[in-house]
């Protein structure tokens with residue numbers, strides 16, 4: 001089934017798609033693999049989600065399944081017109097986590113080293129999703145920023161290409177309550193812009209040029225409506241543009257980060 005899927009995707013894209021998230025969200029948020037790192041996602045640790053999800057590693061093995069995927073991707077890419085270098089990424093979320101001192105980022109790098117230890121498997125890069133939130137509590141916000149820096153340092157040290165794959169941002173007030181777009185003040189928007197600038201600048205400061213693969217903004221515009229009206233962070237100020245495609249302060253913050261201001 002996996003081979004059929006990968007072969008079909010490579011046939012459909014005919015070699016013109018040269019970069020893939022070959023595996024997504026493989027690392028769990030807990031457990032111990034015996035070496036002090038998180039275990040992989042599994043039906044055994046997914047809780048209520050287990051009934052709705054399928055985990056390849058439960059059937060193909062924690063070490064082998066990624067090797068199988070990578071080998072298949074490279075094989076079918078080459079067989080279907082792929083001639084440019086193929087870049088394969090492992091993508092995951094909460095790599096900037098404060099509550100466990102970036103343990104998930106450390107675990108992902110550990111697992112990549114383990115998958116590549118066969119001397120054959122080659123994973124080109126790491127994608128960090130970064131669905132972040134600006135926190136109006138200054139101490140908590142400072143801690144978040146410190147762990148963004150630590151994450152970039154961990155990823156840089158891996159030697160892999162690094163891309164911010166799904167960057168977006170919400171806002172919580174000092175009590176930890178999510179603030180919806182309709183209730184945001186201009187000062188709150190400006191605070192979010194500064195956090196965007198911080199993240200983008202730190203990416204370029206910490207990730208070596210040869211490892212920089214880029215930044216993808218997850219939400220072009222703010223999420224529509226109230227919670228429940230959108231599949232993602234409903235009613236939150238997640239965009240660089242508002243719902244009418246007017247540039248926001250966050251657009252300026254992102255641009256300033258790119259400019260190194």
Provide the percentage of antiparallel DSSP beta bridges, counting only those with both residues in the stretch 129-261; round to the nearest 5.
15 percent
Over the Cα atoms of the stretch 129-261 the radius of gyration and the largest Cα-Cα distance (Dmax), both in Å, equal 14.7, 43
Report the residue, chosen from 173, 242, 222, that carries the largest GNM mean-square fluctuation when the chain is represented by alpha-carbon nodes joined by springs under 10 Å.
173
Only Cα pairs within less than 10 Å get springs; with that Gaussian network setup on the chain, which residue of 120, 109, 39 has the largest fluctuation?
120
Highest-MSF residue in the chain out of 152, 89, 204 [GNM, Cα springs under 10 Å]
204
First obtain the Kirkwood hydrodynamic radius of the stretch 110-154 from its Cα pairs, then insert it into the Stokes-Einstein equation at 10 °C and 1.306 mPa s, and state the resulting D in µm² per second as a whole number.
122 µm²/s
Please report how far the C-alpha centroid of the stretch 143-206 lies from that of the stretch 1-65, rounded to the nearest whole angstrom.
27 Å
Counting only DSSP beta bridges with both partners in the chain, the antiparallel fraction in percent, to the nearest 5, comes to 10 percent
Taking the Cα atoms of the stretch 68-107, report the difference between the largest and smallest coordinate on each principal axis, in whole Å and largest first.
45, 19, 12
What does the helix-only formula give at 222 nm for the chain: each DSSP H stretch with n ≥ 4 adding -39500 (n - 2.57), the total divided by the residues, and the result rounded to the nearest 500 deg cm²/dmol?
-12000 deg cm²/dmol
Note on the stretch 1-148, DSSP bridge orientation, antiparallel percent to nearest 5 equals 10 percent
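Bear in mind these aren't lab numbers, they're just calculated from the coordinates by the rules spelled out. Keep in mind it's a predicted model, so treat the numbers as computed, not measured.
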